[in-house]
Amino acid sequence: MKPLDKILQTARQAPRHIVLAEGEDARVVAAALRAKAEGLGDITLVGRHDIVGDRLREQGGSDGDVRIEDPVTSALTERFACGYHQLRRSKGVDRQAAETAVRENLVFAAMMVREDEADGTIGGAVATTADTVRTALQVIGRAPDAGLVSSFFLMMLCQPHHAKKGAFVFSDCGLVVDPDATGLADIAAMSARSYEALLGDRAKVAMLSFSTNGSAAHDRVSKVVEATNIARAAHPDLLIDGELQFDTAFVEAVSSAKAPNSALHGQANVFIFPNLDAANIGYKIAQRIGGATAIGPVLQGLAKPANDLSRGCTADDVFHMIAVTVVQAAAR
């Protein structure tokens with residue numbers, strides 16, 4: 001079974017209620033209808049009721065297929081304004097500002113998750129990553145056991161030309177610019193848990209560098225080594241190795257030559273990049289030159305699931321992110 005099919009199967013076995021913040025977008029509507037039809041759970045579209053309804057009918061659906069919430073007229077808005085005011089009053093948000101804020105689609109959708117009206121939320125098809133992530137952080141907040149909130153891309157290598165096929169996690173490709181060793185260790189542990197929740201297989205974590213097992217000396221290499229040691233100490237059951245160059249982590253023959261004692265044996269499935277420069281460049285090369293399918297950025301470390309989309313996403317991308325968010329919610 002292909003990894004993406006496995007995620008979809010897992011989502012169908014434990015459907016959840018997902019709220020899509022950009023319900024007026026045709027791609028989002030198409031994905032919502034498909035998710036509902038394929039049994040991934042209940043879907044709420046946030047937006048102006050008449051426009052969302054028109055989009056649904058354009059896609060062959062109807063108002064009855066999904067739930068529509070218009071933040072301006074919703075019966076939930078008053079309660080959300082009160083809750084948002086309590087949440088943000090220490091940051092200088094008064095009641096009037098709170099009432100204005102919850103009428104914004106991203107905030108309203110995040111409040112639905114915070115107030116247990118939905119299990120997870122997705123935005124970013126229209127909004128920027130900065131706005132989407134900031135709203136999730138402010139409204140849903142960080143999980144108590146997470147040192148920081150980070151992100152990953154689920155990279156699918158499923159094409160005939162891919163010598164090694166499967167699903168791989170690349171992290172952090174979209175959020176934390178230059179984590180210190182403690183932050184990098186936290187990203188590694190969260191990414192391993194994310195991989196195992198989504199794919200049902202054991203995570204094999206490679207801490208990436210331009211050096212393999214001391215082949216180069218530099219402060220940047222030392223950071224990766226320290227992060228590996230921190231992660232091992234905090235999570236003794238975690239299968240992790242570093243510092244490793246990518247080919248050593250990915251190719252068994254190279255691993256045998258460069259790191260014969262590595263526990264990964266060139267079979268890593270979770271790749272932790274030392275900073276955002278390397279990670280963002282790396283996933284885009286894999287996507288654009290290597291032909292990998294990239295799903296993300298998926299957020300991890302939040303109290304409840306909230307995920308981001310690229311503004312260039314397709315309806316298929318939105319559908320797949322719904323499936324990932326359902327699995328995240330079920331894993332809680």
query: If you go through the range 131-143 one residue at a time, do you hit one that is touching a Gly at 6+ places or on another chain (Cβ under 8 Å), open to solvent by 50 Å² or more (accessible area, probe 1.4 Å), under 26 Å from Ala11 (Cβ atoms) and not in a loop (DSSP other than H, G, I, E, B)?
result: yes
Boolean, Ala197 is modelled with pLDDT of 95 or more and closer than 30 Å to Ala323 by Cα: no
field: Every residue from the range 32-57 that is part of a helix (DSSP H, G or I) and aliphatic (A, V, I, L, M)
entry: Ala32, Leu33, Ala35, Ala37, Ile51, Val52, Leu56
Filter result for the condition that a residue is closer than 29 Å to Leu157 by Cβ and of a type in the set (Asp, Glu), over Asp5, Asp50, Asp54, Asp42: Asp5
message: Show me the strands (runs of 3 or more DSSP E) found entirely inside the range 217-332 where at least 1 residues are open to solvent by 50 Å² or more (accessible area, probe 1.4 Å).
response: 293-300
Selected residue (criterion: modelled with the lowest pLDDT) from residues of the range 201-214 that are within 19 Å of the chain's Cα centre (by Cα) and assigned to a loop (DSSP other than H, G, I, E, B): Asp201
- line: Restricting the range 178-200 to residues that are surrounded by fewer than 17 Cβ atoms within 10 Å (Cβ to Cβ) and more than 16 Å from the chain's Cα centre (by Cα), the one farthest from Val221 (Cα to Cα) turns out to be Gly200
message: Condition check: open to solvent by 20 Å² or more (accessible area, probe 1.4 Å), in a loop (DSSP other than H, G, I, E, B) and closer than 23 Å to Ser74 by Cβ. Does Arg16 satisfy that?
response: yes
message: Just checking, does the range 262-269 include any residue being under 24 Å from Pro3 (Cβ atoms) and within 19 Å of the chain's Cα centre (by Cα)?
response: yes
Residues being farther than 16 Å from Ala136 by Cβ, among the hydrophobic types (A, V, I, L, M, F, W, C) and either open to solvent by less than 80 Å² (accessible area, probe 1.4 Å) or in a helix (DSSP H, G or I) (or both) - total across the range 74-119: 6
field: Filter result for the condition that a residue is closer than 18 Å to Gln267 by Cα, of a type in the set (Lys, Arg) and crowded, with 20+ Cβ neighbours inside 10 Å, over Lys165, Lys204
entry: Lys204
query: Scanning for something within 30 Å of Met111 (Cβ to Cβ) and either of a type in the set (Phe, Trp, Tyr) or free of Cβ contacts under 8 Å to residues at least 12 places away in the same chain (or both), does the range 296-312 turn up at least one residue?
result: yes
task: Go through (1) closer than 20 Å to Ala101 by Cβ; (2) in contact with a strand residue (DSSP E or B) (Cβ under 8 Å, 6 or more places away or on another chain); (3) of a type in the set (Gly, Ala, Ser) and name the single condition Ala127 misses.
output: (2)
- line: Within the range 34-51, the count of residues that are in contact with an Asp or Glu (Cβ under 6 Å, 6 or more places away or on another chain) and open to solvent by less than 30 Å² (accessible area, probe 1.4 Å) comes to 3
Subset tally (residues that are touching a helix residue (DSSP H, G or I) at 6+ places or on another chain (Cβ under 8 Å) and closer than 21 Å to Cys313 by Cα) for the range 127-150: 6
- request: Of the conditions (1) of a type outside the set (A, V, I, L, M, F, W, C); (2) modelled with pLDDT under 95; (3) part of a helix (DSSP H, G or I), Gly60 clears all except one; give me its number.
  value: (3)
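The values are calculated or read from the model by the stated rules, or taken from the named source; none is laboratory data. Here the structure is a predicted model, which means the values were calculated and not measured. Cβ atoms come from the backbone with ideal geometry, glycine included; neighbour counts cover every protein chain shown. Just the protein is used for accessible areas: all its heavy atoms, side chains included, with ligands, DNA and RNA removed. Shrake-Rupley method; radii C 1.70, N 1.55, O 1.52, S 1.80 Å.
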